[in-house]
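Visitor: My questions all concern the structure below.
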Amino acid sequence: MKEYRTVAQVAGPLVFVEKTEPVGYSELVNIVTADGTVKRGQVLDTSDEIVVVQVFETTAGIGRDSGIRFTGETIKMPVGKDMLGRILSGGGKPIDGGPEIVPEKRLEITGAAINPYARSSPEDFIQTGISTIDGTNTLVRGQKLPIFSASGLPHNDVALQIARQAKVPGSTEEFAVVFAAMGITREEANYFMADFEKTGALERSVVFLNLADDPAVERTITPRLALTTAEYLAFDLGYHVLVILTDMTNYCEALRQIGAAREEVPGRRGYPGYMYTDLASIYERAGIIKGVKGSVTQIPILTMPGDDITHPIPDLTGYITEGQIVVNRELHRKGIYPPINVLPSLSRLMNLGIGEGHTREDHKKVSDQLYAAYAEGNDLRGLVAIVGKDALSERDRMFLEFADLFEDRFVRQGLYEDRSIEETLDLGWELLSTLPEEQLVRIDRELIQKYHPKYRKKAQG
Amino acid sequence: MEKGKENRAQGVLKRISGPVVTAVGLDAHMYDVVKVGNEELMGEVIKIQGENIIIQVYEDTAGIRPGEPVGNTGLSLAVELGPGLLTSIYDGIQRPLEVLVDKMGNFIERGVSAPGLSHEKKWEFVPTVKQGDEVKAGDIIGTVQETNIVHKIMVPPRAKGGKIKKISGGSFTVDETVCVLEDGTEIAMLQRWPVRVPRPTKEKLNPDIPLITGQRILDGLFPIAKGGTAAIPGPFGSGKTVTQQQLAKWSDAEIVVYIGCGERGNEMTEVLTEFPELEDPKTGKPLMERTVLIANTSNMPVAAREASVYTGITIAEYFRDMGYDVSLMADSTSRWAEAMREISSRLEEMPGEEGYPAYLAARLSEFYERAGRVISLNGEGGSVSVIGAVSPPGGDFSEPVTQNTLRIVKVFWALDAKLSQRRHFPAINWLNSYSLYLDALNEWYDKEVSPEWNPLRAWAMGVLQKEAELQEIVQLVGSDALPDEEQVTIEVARMIREIFLQQNAYDAVDTFCPMSKQYDMMKAIKHYADLARTAQTGGATPQQVIGIRSKNELPQIKFIRDYEPELAKIMKDMEAEFDAMRAV
């Protein structure tokens, strides 16, 4: 392989090389520094005059004397059956002291888009055992449902609880977990690893770790490596894969860093204008393919800077993903775990995975009614602060109490409490029965007579 | 080509930067379609700078090197129009996704071309003109029963026309000549039309017929006219896509073109699995039979996303020319604008607001201006209604795409995250939304629904507006402090919101509400309000009036198909309750 010593400029994570033979766009590049270390990079822009290389590691040690080798191929990831149970670096190298991965295939990490025509509609209900997800923001197999959180909130616990408890009722198959850490601390990573080990989940997991002190630019390939692995496990080997990506905010910061180094025209808040497309190329790698066993379900985690849901990172994410689970500081302060605020949370694919044949016929309407009643009660809290409880009508007082009850009983649950969907829905009915029956306008008469505790008791008694 | 001039239909690549590449040594015109690299990836010329020809490529450019060839086809980006369009699902440059699965498997690879229409399939052509007839550009010369929709075969709009020498019915592929004119012009069923050029029409008409959608808040309060334009801006999760899909399903257009522009793959799959199963309320046939889908999901190439909107509207115009009412949904125009921004920034153009190119407003208005109710070249009346979703970052309506769209469109359906959070669907804010077609449509409602409808709507809007004012007071002093009369107004407004405005898209009955039912429902609420007013003048307290039990049955009407007997019973009970109140 030809080696060039024609580095013209090094700026941030970018190396500019001149006087090369034609180099392919997106090609993998090896950079050999004076002391023999090999660093990897990728071609961002190529012309017959200058080639721009983005380096995945620190550019320390790269100078005009460094040797540049263009490999002639785009970045590929070796994948194989024995990857389960392994821990890899954010760049895909084993770091658990085990042997190299025996590659059965080498796959492009950018991953082609699934042809929408080849997709099959996600409709298998995943029971996470968490009421605020199962009951009101249902996750289905093949969905991408992010957790919107913020610093200091227990999003990791929520993610772990999902990973621990997720199952498709009626199926004994366990999920394979692909876990990609981007820029999280060693401590956080250990927390995840310890839980995986304790529950035995590690055996069916592949872990990618790019920690806080690892090169930021490497973070831009970590999720792609993880998803390439997930797609291989799902669509080649037939596993149902749960992918946890954390923290997407760090990923976006890395993207901004590269954009700035390239002197691009920035979009909102300095993030690149193509961030939507870039994030889509990650999030859209979830789904089910017709006639193929296996599925990829994604749970990306991101921390909203300043708890601001309109910040470009959560905003663009929300436009791509199929809903969001919002972790809320107020609930956390009240000591409620999991502090999931159902009001801004949403699962877009919920309606495909619930109802008769999936969960239970009353699911949709119970969920709507819970939402509406909680929203109304929550609104009244603001009013009470101004006019006091006494000024409320009796109807309003009932809704106000319902909101408290909802948080205390429905939202709150134990870290290891695994509620079945029946338990969740029955709990919903129990709470709704504190309201007068004619206020349950979202539910038709038939369902009320079948499931309302008042009638159920009668039927039993 | 002129004599002695070297062949410059082939050039070489000089630079590759993502979806934008530069070629040299090539003769090209703006918007020529070119084949890029050894793999002949499809691209389009978007800028000419001296010797440098700048091209946007519709496929992934990874691995392409400087020095590879670039060939100019000399054609502009065009779509194939003819029998076979309906029920198809295309990517942004009209490659049928079904064919792509056969050709390259479950993932979209590159370098594969596929024609928009099947060139093998035979269609039964029935002439509607005969030998010796004089035809001109745009005239209908025959029909093909494509699905339950009759596909009308037209003389291409740019043809000269003339006397028919030979025309014959029978089974033909789209390429085969079905008609020959005296001057030797051969006409086949297939037409090609460049997507960036509007198809010509004879005359544009004023829109004065509503596009009935079966959605109460839309038909009832903020109607769009056939041939009109509407925008649905809203933050994520406020129900843009569900609203768009409801419109695609139930609007009384004959043809629906649905563009999934930079949106989610799973959502397109949902449309794909649902539409063949859903019945058209008018014909009882699957909705898919009148639908053309364009799916360029967010992770498919960005340049093809830019083109998808044009591909869609050109197909819509083609069906309009046959005399059909077409509705076109674009979800989402913001992703389209972002594609423009991305390409523009790769071109290192001077950016306008928020990095969008300075020509954003011009592109948006050109697009929406292709909507309209028209008399086509052949004298048929047809329309294209355009409904564009807008996804403002952070739900902030002051951003450039929303603002530039609002300057053009006549209907604004403002989605509201607050409403969707409390599961008020469709989450369209009744205070911020508007329709500028109201006056033009009044006559239609008078004639087709009831002369009472327009005053009824004005009354409902008045109550909702009043409620908003009263709510401000309630926020400060509590609802008990309101005068008796206003307490009932709040209750009536609540009924309008919960009974009339809220509609369940997932309920088999409520998903589509005919105009007559909308009228009956609103009349029932008004009737209650009137009875309440009379009772109050007779000395009834607000608690008494609000406590009328039979009105609590009204929401159930939504879920009953043959609702009339039940509604009549509720109204009777209600009157009886009011009578009893008076007796006490």
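Visitor: Assigned to a loop (DSSP other than H, G, I, E, B), touching a Pro at 6+ places or on another chain (Cβ under 8 Å) and more than 11 Å from chain A (Cβ to nearest Cβ), is that true of residue B:117?
Guide: Considered against the rule, which asks whether it is assigned to a loop (DSSP other than H, G, I, E, B), touching a Pro at 6+ places or on another chain (Cβ under 8 Å) and more than 11 Å from chain A (Cβ to nearest Cβ), residue B:117 comes out as yes.
Visitor: When you look at residue B:306, is it surrounded by fewer than 24 Cβ atoms within 10 Å (Cβ to Cβ), among the acidic types (Asp, Glu) and out of contact with any Leu (no Cβ under 9 Å at 6 or more places or on another chain), yes or no?
Guide: no
Visitor: Among the numbered conditions (1) closer than 20 Å to residue A:128 by Cα; (2) within 14 Å of chain B (Cβ to nearest Cβ); (3) small (Gly, Ala, Ser); (4) surrounded by fewer than 17 Cβ atoms within 10 Å (Cβ to Cβ), tell me where residue A:420 comes up short.
Guide: Unmet condition: (2).
Visitor: Can you name every residue in the stretch B:54-87 that is hydroxyl-bearing (Ser, Thr, Tyr) and more than 15 Å from residue B:40 (Cβ to Cβ)?
Guide: Listed by number, the residues that qualify are B:76, B:87.
Visitor: Those residues that are touching a residue at least 12 places away in the same chain (Cβ under 8 Å) and among the polar types (S, T, N, Q), I need them from the stretch B:11-52; list them, please.
Guide: Across the stretch B:11-52, the qualifying residues are B:17, B:22, B:38, B:52.
Visitor: Can you pull out the helices (runs of 4 or more DSSP H) entirely within the stretch A:186-300 that have at least 3 residues that are at pLDDT 90 or above and within 29 Å of residue A:43 (Cα to Cα)?
Guide: Passing ranges, in order: A:222-231, A:248-261, A:275-283.
Visitor: So, in the stretch A:117-142, of the ones that are aliphatic (A, V, I, L, M) and more than 14 Å from chain B (Cβ to nearest Cβ), which residue ends up nearest to residue A:175 (Cα to Cα)?
Guide: Filtering first and then ranking leaves A:126.
Visitor: Which is at pLDDT 90 or above and either part of a strand (DSSP E or B) or within 14 Å of chain A (Cβ to nearest Cβ) (or both), of B:292, B:271?
Guide: Exactly one residue qualifies, and that residue is B:292.
Visitor: Out of all the residues in the stretch A:406-415, which are crowded, with 18+ Cβ neighbours inside 10 Å and in a helix (DSSP H, G or I)?
Guide: Once the filter is applied, which keeps residues that are crowded, with 18+ Cβ neighbours inside 10 Å and in a helix (DSSP H, G or I), the stretch A:406-415 yields A:406, A:407, A:410, A:411.
Visitor: Follow-up. Specify which of the listed residues (B:390, B:326) is among the β-branched types (Val, Ile, Thr) and either under 19 Å from residue B:56 (Cβ atoms) or within 14 Å of chain A (Cβ to nearest Cβ) (or both).
Guide: Going through B:390, B:326 in turn, the sole match is B:390.
Visitor: Please enumerate the residues belonging to the stretch A:339-358 that are closer than 29 Å to residue A:448 by Cβ and away from chain B (no Cβ under 14 Å).
Guide: Result: A:357, single match.
Visitor: Hey, another quick one. Looking at this structure, is residue A:194 out of contact with any strand residue (DSSP E or B) (no Cβ under 9 Å at 6 or more places or on another chain) and among the hydrophobic types (A, V, I, L, M, F, W, C)?
Guide: yes
Visitor: Within the stretch B:250-263, can you find the residues that are facing chain A (nearest Cβ under 8 Å) and either among the acidic types (Asp, Glu) or in contact with a Lys or Arg (Cβ under 8 Å, 6 or more places away or on another chain) (or both)?
Guide: B:262
Visitor: Report yes if some residue within the stretch A:279-291 is touching a residue at least 24 places away in the same chain (Cβ under 8 Å), farther than 27 Å from residue B:108 by Cα and within 14 Å of chain B (Cβ to nearest Cβ); otherwise report no.
Guide: no
Visitor: Looking at the stretch A:1-27, which of its residues are more than 37 Å from the chain's Cα centre (by Cα), among the aliphatic types (A, V, I, L, M) and under 10 Å from residue A:50 (Cα atoms)?
Guide: If the condition is that a residue be more than 37 Å from the chain's Cα centre (by Cα), among the aliphatic types (A, V, I, L, M) and under 10 Å from residue A:50 (Cα atoms), then A:7, A:8 are the ones that fit.
Visitor: Any residue in the stretch A:79-92 that is within 14 Å of chain B (Cβ to nearest Cβ) and either part of a loop (DSSP other than H, G, I, E, B) or out of contact with any helix residue (DSSP H, G or I) (no Cβ under 9 Å at 6 or more places or on another chain) (or both)?
Guide: no
Visitor: Something else now. Any chance you could count how many residues in the stretch A:12-67 are of a type outside the set (Phe, Trp, Tyr), in contact (Cβ under 8 Å) with a residue 60 or more places away in the chain and assigned to a loop (DSSP other than H, G, I, E, B)?
Guide: 7
Visitor: Would you check if residue A:180 is more than 14 Å from every other protein chain (Cβ to nearest Cβ), assigned to a strand (DSSP E or B) and surrounded by 20 or more Cβ atoms within 10 Å (Cβ to Cβ)?
Guide: yes
Visitor: Can you confirm whether the stretch A:68-76 contains a residue that is assigned to a strand (DSSP E or B) and among the hydrophobic types (A, V, I, L, M, F, W, C)?
Guide: Yes, the conditions are met somewhere in the stretch A:68-76.
Visitor: Which of the residues spanning the stretch B:59-78 are within 13 Å of chain A (Cβ to nearest Cβ) and not small (Gly, Ala, Ser)?
Guide: B:59, B:60, B:61, B:64, B:65, B:66, B:68, B:69
Visitor: Whether any residue in the stretch A:383-400 is touching a strand residue (DSSP E or B) at 6+ places or on another chain (Cβ under 9 Å) and either assigned to a helix (DSSP H, G or I) or at pLDDT below 90 (or both) is what I want to check.
Guide: Among the residues of the stretch A:383-400, not one is touching a strand residue (DSSP E or B) at 6+ places or on another chain (Cβ under 9 Å) and either assigned to a helix (DSSP H, G or I) or at pLDDT below 90 (or both), which makes the answer no.
Visitor: Tell me the residue from A:356, A:361, A:430 that is touching a residue at least 60 places away in the same chain (Cβ under 8 Å) and not aromatic (Phe, Trp, Tyr), please.
Guide: A:361
Visitor: For residue A:325, indicate whether it is outside any helix (DSSP H, G or I), more than 30 Å from residue A:51 (Cα to Cα), more than 14 Å from every other protein chain (Cβ to nearest Cβ) and at pLDDT 95 or above.
Guide: no
Visitor: Here are some residues: B:408, B:499, B:428. Which one is surrounded by fewer than 20 Cβ atoms within 10 Å (Cβ to Cβ) and not acidic (Asp, Glu)?
Guide: B:408
Visitor: Scan the stretch A:349-374 for residues that are within 13 Å of residue A:127 (Cβ to Cβ) and assigned to a loop (DSSP other than H, G, I, E, B) and jot them down.
Guide: Hits for the stretch A:349-374 are A:354, A:358, A:359, A:360.
Visitor: Identify all residues within the stretch B:28-58 that are among the polar types (S, T, N, Q), within 13 Å of chain A (Cβ to nearest Cβ) and outside any loop (DSSP other than H, G, I, E, B); write none if there are none.
Guide: B:52
Visitor: Say whether the condition of being over 30 Å from residue B:52 (Cβ atoms), more than 26 Å from the chain's Cα centre (by Cα) and surrounded by fewer than 20 Cβ atoms within 10 Å (Cβ to Cβ) is met by at least one residue in the stretch A:67-86.
Guide: Yes, some residue in the stretch A:67-86 is over 30 Å from residue B:52 (Cβ atoms), more than 26 Å from the chain's Cα centre (by Cα) and surrounded by fewer than 20 Cβ atoms within 10 Å (Cβ to Cβ).
Here is a yes/no grid of residues against (1) touching a Ser or Thr at 6+ places or on another chain (Cβ under 8 Å); (2) at pLDDT 90 or above:
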site	(1), (2)
A:13	yes, no
A:31	yes, yes
A:42	yes, yes
A:80	no, yes
A:95	yes, yes
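Visitor: Name the single residue that is surrounded by the fewest Cβ atoms within 10 Å (Cβ to Cβ) among those in the stretch B:378-398 being touching a Lys or Arg at 6+ places or on another chain (Cβ under 9 Å) and assigned to a loop (DSSP other than H, G, I, E, B).
Guide: Of everything passing the filter in the stretch B:378-398, B:379 is surrounded by the fewest Cβ atoms within 10 Å (Cβ to Cβ).
The values are calculated or read from the model by the stated rules, or taken from the named source; none is laboratory data. The model shown is predicted, which means the values in this text are computed figures rather than measured ones. Note that each Cβ is placed from the backbone with ideal geometry, even for glycine, and that neighbours are counted across all protein chains shown.
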